[in-house]
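Please read the structure below before turning to the comments.
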């Protein structure tokens with residue numbers, strides 16, 4: 001409802017118009033050469049082929065990850081929403097990390113998500129920047145300003161949209177109470193984790209991220225095709241990564 005999907009689609013359309021030499025609806029535009037435009041937007045299934053909504057989403061993501069280059073424009077809208085929260089968050093985090101890595105992909109990417117945890121990637125990965133849609137709250141009402149501003153956000157307005165859609169007040173009221181309860185539990189959990197991290201090395205989250213990266217690298221290795229010198233080079237690279 002805030003307009004992020006519209007914003008992302010218009011970027012793709014403006015880029016396409018610029019590539020074919022058309023004027024674009026802007027006072028000024030600086031757009032680099034783009035070899036392909038990839039999009040992963042919306043939700044659809046293919047039940048006749050036995051493919052769920054999430055399966056179709058993952059197939060589209062897989063195609064993008066295999067074929068996008070540093071000169072591609074990639075539009076990713078809500079990756080991982082078709083599965084459990086932690087599964088979806090993990091997939092979204094890994095995809096965003098892959099797209100930002102210039103050695104693996106490095107494509108120009110707009111990545112929209114409701115997973116607030118992903119805003120931490122700005123601090124962890126070079127080239128990642130957080131933007132959000134400006135929203136004005138007036139009492140219990142919300143006004144979407146249709147304006148892009150710098151910085152992430154930790155707010156979502158799903159219950160407000162449900163209200164606009166006509167969901168009964170009793171359900172909305174119950175949803176608000178459940179949300180407050182879940183947020184309290186989440187805050188308590190985060191504080192406990194922060195305390196435990198400070199008591200240990202203070203660098204646990206980054207350490208875990210590095211371990212996951214190394215594990216991913218190891219998983220891609222085919223031992224049957226590895227020569228001794230290749231094994232030595234890989235070992236040196238992993239050791240440098242770990243340090």
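Taken together, the residues in the range 42-85 that are assigned to a loop (DSSP other than H, G, I, E, B) and either on the phi < 0 side of the Ramachandran plot or out of contact with any helix residue (DSSP H, G or I) (no Cβ under 7 Å at 6 or more places or on another chain) (or both) amount to 17.
For the range 161-173, does any single residue satisfy the condition of being assigned by TED's automatic domain parsing to the domain that holds residue 107, under 23 Å from the mean Cα position of the chain (by Cα) and modelled with pLDDT of 80 or more? Yes, the range 161-173 has at least one match. The single condition from (1) at pLDDT 80 or above; (2) over 27 Å from the mean Cα position of the chain (by Cα) that residue 178 fails is (2).
Evaluate the following for residue 238: is it surrounded by 13 or more Cβ atoms within 10 Å (Cβ to Cβ), out of contact with any strand residue (DSSP E or B) (no Cβ under 7 Å at 6 or more places or on another chain), at pLDDT below 85 and in a helix (DSSP H, G or I)? Spelling it out, residue 238 is indeed surrounded by 13 or more Cβ atoms within 10 Å (Cβ to Cβ), out of contact with any strand residue (DSSP E or B) (no Cβ under 7 Å at 6 or more places or on another chain), at pLDDT below 85 and in a helix (DSSP H, G or I).
Could you check the range 108-126 and list, in sequence order, the residues that are under 18 Å from residue 34 (Cα atoms) and either touching a residue at least 60 places away in the same chain (Cβ under 8 Å) or exposed (fewer than 14 other Cβ atoms within 10 Å of the Cβ) (or both)? Give the derivation first.
Residues of the range 108-126 under 18 Å from residue 34 (Cα atoms): 108-111.
Hits for the range 108-126 are 108, 110.
Give the range 161-178 a look and list any residue that's free of Cβ contacts under 8 Å to residues at least 60 places away in the same chain and either touching a helix residue (DSSP H, G or I) at 6+ places or on another chain (Cβ under 7 Å) or closer than 17 Å to residue 141 by Cα (or both), or say none. Within the range 161-178, 162, 163, 165, 166, 167, 168, 169, 172, 173, 175, 176 meet the criteria.
Criterion first (surrounded by fewer than 17 Cβ atoms within 10 Å (Cβ to Cβ), in the same structural domain as residue 72 (by TED's automatic domain parsing) and part of a strand (DSSP E or B)) does residue 137 satisfy it?
When the stated conditions are applied, residue 137 passes them.
Answer with yes or no whether residue 34 is in a loop (DSSP other than H, G, I, E, B), at pLDDT 90 or above, touching a helix residue (DSSP H, G or I) at 6+ places or on another chain (Cβ under 6 Å) and surrounded by 16 or more Cβ atoms within 10 Å (Cβ to Cβ). Judged against the criteria, residue 34 is a match.
The values are calculated or read from the model by the stated rules, or taken from the named source; none is laboratory data. All of these numbers come straight from a predicted model, not from anything done at the bench. Quick reminder, even Gly has a Cβ in these numbers, built from the backbone with ideal geometry, and neighbours come from all protein chains shown.
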